[in-house]
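See below for the structure under consideration.
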Amino acid sequence: MDRLRIAGGRALRGAVTIAGAKNASLPALAAALLSEAPLTLRNLPAVADIGSMIGVIRALGAHVEQSDPHVAHIDAGTLLSQDAPYDTVRRMRASVLVLGPLLARFGRARVSLPGGCAIGARPVDLHIKALASLGAEIGIEGGLIVANAAGGLKGARIVLGSPSVGATETAMMAATRARGESEIINAAREPEVADLAECLIAMGARIEGAGTHRILIQGDTAFRAASHAIIPDRIEAGTYAIAAAITGGQLELTHARLEQMASVAEVLEATGVRIWPGDRGLIVEGGGGLRGVDITTEPYPGFPTDLQAQFMALMTQAEGAAMIRETVFENRFMHVPELQRLGANIALQGTSALVRGGGRLKGAEVMATDLRASVSLVLAALVAEGETVINRVYHLDRGYEQLDVKLRRCGAEVERLRG
């Protein structure tokens, strides 16, 4: 099992190319199952989760060609199965996204309850309720979600109890093949949802309002061959912005888009970090002393939960205290004990963490517990005295393309220890 050895104390300088968004790529791959016509996806990130999802759709019978790891040509014209068993979906929770397309296209689907990061319950009940609103009969049998709509799905008004990204994507994909018009109320507004809508529109769907709380879909889509480029990963961009800030360096984030990161940029600027648009993306400059800032994670356009752990690492180096409140996932503080092993002064209070900054971190051996927790330890290690060894970095490989390589190019002392 690979590990990372990091020697801290080097300011990062240079350019980092931001990859395509993992969380936009996964539903786009699932969307290919809706259509008998081929779909080409470009700007895919070369990360493990993408390989896992491609494995899922291949297991269902889709033909996928990848001469370039960032491009996939998908032909789902002759699927062999509507069943996605546990062995194919156990690696990540996003595998449940194949449920809606399979049900909408074939009138039935059997998909295993998925696995993934242990950062909270993240139930699939909103996915199930959305599909039930479209006329599906759904139950849980032996760890499988069993869905049937023998007469096809029918357009409906879908009211989500919370603005779940995954449930919004499931509802939107399924509604493209339902008869009549569908309306999604309290839809998630994340850029990844809007990107999926752009992909579906390129495939022939008629969708309005993606990126707002109300999305309209005209069903009975006549699908056509299509090509779509995935948006840049705003979470990867935010992570490297924090890397520049925590080391007091300067990084150019090629392809990063400020309009997708407004809440993150606002918070970082409040800590004393400078961010401005460049010719190729964003430029982020640290140095000059960091100030503690309180945050609360919220659905987009609020501060993203996927950057909470990284921001916590940054606040260990700020003057004063910072209160970090997590409202999206109930168990997303598993990185706290590992940061404390490096010397961080953090006190947990229910769904909040009080970080008292200004202390020096010292290298130690730590354990990654999930994707974003892993990278928070990397950020802390970049400023810790001495060496830090991070175990179980397969979590990192799920969502960050060549993190160790990109950091080395910017001056970090990072070594991947194999086995």
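The values are calculated or read from the model by the stated rules, or taken from the named source; none is laboratory data. Since the structure is predicted, the reported quantities are computational estimates derived from the model, not experimental observations. Here the Cβ is made from the backbone with ideal geometry for all residues, glycine too, and neighbour counts use every protein chain on show.
Could you tell me how many of the residues in the stretch 157-191 are surrounded by fewer than 22 Cβ atoms within 10 Å (Cβ to Cβ), more than 13 Å from His213 (Cα to Cα) and either of a type outside the set (Lys, Arg) or in contact with a Pro (Cβ under 8 Å, 6 or more places away or on another chain) (or both)?
Residues in the stretch 157-191 being surrounded by fewer than 22 Cβ atoms within 10 Å (Cβ to Cβ), more than 13 Å from His213 (Cα to Cα) and either of a type outside the set (Lys, Arg) or in contact with a Pro (Cβ under 8 Å, 6 or more places away or on another chain) (or both): 2 in total.
Take Ala149 and decide whether it is buried (at least 24 other Cβ atoms within 10 Å of the Cβ) and not assigned by TED's automatic domain parsing to the domain that holds Asp306.
It is false that Ala149 is buried (at least 24 other Cβ atoms within 10 Å of the Cβ) and not assigned by TED's automatic domain parsing to the domain that holds Asp306.
Among the residues of the stretch 229-249, is any β-branched (Val, Ile, Thr) and farther than 30 Å from Val71 by Cα?
Looking through the stretch 229-249, at least one residue is β-branched (Val, Ile, Thr) and farther than 30 Å from Val71 by Cα.
What pairs come up if the first residue lies in the stretch 347-361 and is under 23 Å from Glu385 (Cβ atoms), the second is of a type in the set (S, T, N, Q) and part of a strand (DSSP E or B), and their beta carbons are under 6 Å apart, counting only those six or more places apart or on different chains?
Partner pairs satisfying both residue conditions: Arg356/Asn345; Gly359/Asn345.
Between a residue in the stretch 39-62 that is assigned by TED's automatic domain parsing to the domain that holds Ala205 and under 22 Å from Gly77 (Cβ atoms) and any residue that is assigned to a strand (DSSP E or B) and not aliphatic (A, V, I, L, M), which pairs come within a Cβ distance under 6 Å, given they are 6 or more apart or on different chains?
Thr40/His73; Thr40/Ser227; Leu41/His228; Leu44/Gly20
The rows are residues; the columns are (1) β-branched (Val, Ile, Thr); (2) assigned to a helix (DSSP H, G or I); (3) touching a residue at least 60 places away in the same chain (Cβ under 8 Å).
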residue	(1), (2), (3)
Pro163	no, no, yes
Gly166	no, yes, yes
Glu169	no, yes, yes
Met173	no, yes, yes
Glu183	no, no, no
Asp195	no, yes, yes
Glu198	no, yes, no
Ile217	yes, no, yes
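Criterion first (surrounded by fewer than 24 Cβ atoms within 10 Å (Cβ to Cβ) and either under 17 Å from the mean Cα position of the chain (by Cα) or not charged (D, E, K, R) (or both)) does Tyr240 satisfy it?
The answer is no for Tyr240.
Has the stretch 405-418 got any residue that is closer than 29 Å to Ser164 by Cβ and assigned by TED's automatic domain parsing to the domain that holds Gly8?
no
Restricting to the stretch 144-177, give me the number of residues that are within 22 Å of Leu26 (Cα to Cα) and either out of contact with any His (no Cβ under 6 Å at 6 or more places or on another chain) or hydrophobic (A, V, I, L, M, F, W, C) (or both).
Count: 20.
Residue by residue through the stretch 300-329, note down the ones that are surrounded by fewer than 24 Cβ atoms within 10 Å (Cβ to Cβ), under 21 Å from Gly358 (Cβ atoms) and either within 16 Å of the chain's Cα centre (by Cα) or touching a residue at least 40 places away in the same chain (Cβ under 8 Å) (or both).
Scanning the stretch 300-329 gives a single hit, Ala318.
Could you tell me whether any residue of the stretch 392-399 is touching a residue at least 60 places away in the same chain (Cβ under 8 Å), buried (at least 19 other Cβ atoms within 10 Å of the Cβ), of a type in the set (Val, Ile, Thr) and assigned to a strand (DSSP E or B)?
Scanning the stretch 392-399, I find no residue that is touching a residue at least 60 places away in the same chain (Cβ under 8 Å), buried (at least 19 other Cβ atoms within 10 Å of the Cβ), of a type in the set (Val, Ile, Thr) and assigned to a strand (DSSP E or B), so the answer is no.
Just give me the residues in the stretch 100-126 being at pLDDT below 95, touching a strand residue (DSSP E or B) at 6+ places or on another chain (Cβ under 8 Å) and either under 26 Å from Val47 (Cα atoms) or part of a loop (DSSP other than H, G, I, E, B) (or both), in sequence order.
Selection gives Val111, Ser112, Leu113, Val124.
Using the structure shown, decide if Arg332 is surrounded by fewer than 16 Cβ atoms within 10 Å (Cβ to Cβ), under 22 Å from Pro191 (Cβ atoms) and not acidic (Asp, Glu).
No.
Which of the residues that make up the stretch 133-145 are within 17 Å of Leu97 (Cβ to Cβ) and either exposed (fewer than 15 other Cβ atoms within 10 Å of the Cβ) or within 26 Å of the chain's Cα centre (by Cα) (or both)?
Matches in the stretch 133-145: Leu144, Ile145.
Only one of Ala30, Ala94 is outside the structural domain of Tyr400 (by TED's automatic domain parsing), under 29 Å from Ile390 (Cβ atoms), touching a residue at least 60 places away in the same chain (Cβ under 8 Å) and in contact with a Pro (Cβ under 9 Å, 6 or more places away or on another chain); which?
Answer to the check: Ala94.
So, in the stretch 253-268, exactly how many residues are under 17 Å from the mean Cα position of the chain (by Cα) and of a type in the set (Val, Ile, Thr)?
1
Could you tell me whether any residue of the stretch 4-15 is assigned by TED's automatic domain parsing to the domain that holds Ala132, at pLDDT 95 or above and on the phi > 0 side of the Ramachandran plot?
Scanning the stretch 4-15, I find no residue that is assigned by TED's automatic domain parsing to the domain that holds Ala132, at pLDDT 95 or above and on the phi > 0 side of the Ramachandran plot, so the answer is no.
Name the single residue, out of those in the stretch 220-230 being within 22 Å of the chain's Cα centre (by Cα) and surrounded by fewer than 24 Cβ atoms within 10 Å (Cβ to Cβ), that is farthest from Leu382 (Cα to Cα).
Step by step, filter the stretch 220-230, then rank; the result is Ser227.
Tell me, yes or no, whether the stretch 55-70 has at least one residue that is buried (at least 19 other Cβ atoms within 10 Å of the Cβ) and within 14 Å of Ser227 (Cα to Cα).
No - not one qualifying residue is present in the stretch 55-70.
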